Structure formats: structure tokens, C-alpha cells
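Laboratory data are not the source of any read-out in this text; all were calculated from the coordinates shown. Everything numeric here is computed off the predicted structure, so don't read it as measured data. Note that we place each Cβ from the backbone using ideal geometry, even for glycine, and neighbour counts take in every protein chain shown.
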Amino acid sequence: MRKKIVAGNWKMNTLPAEGVELARGVAAGRGEVNSDVTLIVCPPFTHLAGVIESLNGANVEVGAQDCATEAKGAYTGEVSAAMIAALGCKYVILGHSERRQYYGECSETLNKKMEQAYANNLTPIYCVGENLEEREAERHFEVCKQQLEEVVFNLTDAQFKNLVIAYEPVWAIGTGKTATAEQAQEIHAYIREVLRSKFGAAAEECPILYGGSCKPSNAGEIFAKADVDGGLIGGAALKADDFLAIGKSFE
């Protein structure tokens, strides 16, 4: 059985005290969500220490939203994977569409970040997905395949076993648009097929999350699809009740 995951990407939202309060709300309701569902919260860097402390013993994992390409050195403003891991993070989001779009992150950059993540025993949540123009041109399969081949295909078999993929239909992030459950299944199944071409049977164990305007009202239908193993949640992760409701959508 593949791991079921609901990961909340808080993006650049909440102040540190608000983030701790949100984390406590998730912890308070954790018992309502099946224990076989992994819950992950990914706050801003400034919140990580406080959130991790507030979640001690709560069975809620913590991830960072990014990490640096280098281990250490004169890189003002950067946060290394080692720093994140030292705080107690277990996961790190890499290749998010906003990092690709706004900060020009390319496969060369992401290969370096993946290397740093694995060197520090972090599990990458590696994001792939197409924008609206690419979807309308029916290039979504091509785009996702390229993003996988240029980064994930460089992993060793051992590294691949410690990886989460998140499919983001960029056209559905923050727009209110959502891929249908059928569209989600189609592209998730394709992603797994691409992974299978490189990693064989191990691809069956790799969790693939859906990441586009997933909310309590549609999560159950999306998560019921065979190749959808959970969600990378944006806006709905900023309310503990909504985030927990999504976690309960597997039932």
C-alpha cells in the first residue's frame, strides 16, 4: 500500500505566532484523521522552530517550502537543507510552480537542491505540472515527462524510494479552477508510467499528490482515484478544520 499524504503548503502566509496557533489546531484534531494518513505542514522558514516545538508528539510531520542549492557559505538570505533538518524537518518542497515561475528555478538548480535534501535525510516533495497555455496546447504530458526526466531520473534507486511527487496543474492554483477527478487520475497514471519506465516496480510505491485547489468539497472524489495518493494543499491548509477535513477525505 502506498503512503497516503496530505501536505499543507502555507506559502508566505501567517506570522510566527499565528503559525504556531494553526499548528496547534491541526494537532488538536489529529486524532480525527486515520493514523495511516500522513499529515505534513510546511510553514515559512521563520515559523519552523516554533511549529515543530508545538507539534511535539502530535504525529504531524513538518516540511520546509524550499532549500538552498549549496551546503553552506556566502549565500546571503539562503537557508540550507542542513539548517532545516537540524530543526527537525522531515520533508522539503522542491520545484514548486511558484519557484519555477517567479524565481526562474530550472532543472539544473533543482538537481542541486535534491542532492542537498538527500544529503541531509530530507524527503523531497518534488512538484511537476503544466501552465494554462501548455494545457490548452495539449502539452501537459510532455511538460510533466520533461520535469521528471531532467531531475527525478538522476536519482539512485535508494533515493527514489524516499520521494514524493506532487502534480500541480498550475492553471488551477489559486484560480478556483480544479482539474476534474478524471483529469487528475489521467495525469497521475501517466506520471506513474513515466516513473515505471525508469524505476520499474518501485514506481508503484511512490506517492503522487494532487496539488491544485484541493478542498474539503472535492478531496474525496479526487483521492478516490487509483493513482492519487493525497494532496499538496494551499489555501485550505491555512484553516485547521479544512486541512483536517481533507485528511478525513480518504475514509
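Simple point charges give the picture: +1 on the Cβ of Lys and Arg, -1 on the Cβ of Asp and Glu, and for the stretch 4-232 a dipole about the Cα centre of about 420 debye. For residue 105, the residues 5 or more places off, or on other chains, whose built amide H falls under 5 Å of its own are 100.
Once the other residues with Cβ under 9 Å from the Cβ of residue 236 are scored (Lys, Arg +1; Asp, Glu -1), what is the net sum?
Details: positive: 215, 239; negative: 242.
Around residue 236, the surrounding residues sum to +1.
Backbone amide hydrogens, once placed in the peptide plane, bring residue 64 within less than 5 Å of 91, 92, 93, excluding anything fewer than 5 places away on its chain. Sparsely packed loop sites in the stretch 1-94 (the trypsin sites (Lys or Arg not before Pro) outside DSSP H, G, I, E and B with at most 15 other Cβ atoms within 10 Å) comprise 2, 3, 72.
Within the stretch 1-131, antiparallel bridges make up roughly 0 percent of the DSSP beta bridges whose residues both belong there.
Taking 195, 132, 122 as the candidate residues, the one with maximal mean-square fluctuation in a Gaussian network model of the chain, Cα springs under 10 Å, is 132. With unit charges on the beta carbon (Lys/Arg positive, Asp/Glu negative), name the residue among 250, 86, 75 whose Cα is farthest towards the positive pole of the charge dipole of the chain. Towards the positive end, the residue furthest out is 86. Filter the chymotrypsin sites (Phe, Trp or Tyr not before Pro) in the stretch 1-77 down to the DSSP loop ones having no more than 10 other Cβ atoms within 10 Å, then list what survives. Nothing satisfies the criteria.
Among the listed pairs 3/90; 161/225; 113/161; 11/145; 113/239; 145/198, those whose Cα-Cα separation exceeds 19 Å are 161/225; 11/145; 113/239.
A cut-off under 14 angstrom between Cβ atoms defines the neighbours of residue 218, and their net charge, with Lys, Arg +1 and Asp, Glu -1, is +1. Annotation for the stretch 170-238: trypsin sites (Lys or Arg not before Pro) lying in DSSP loop with at most 15 further Cβ atoms inside 10 Å of their Cβ are 177.
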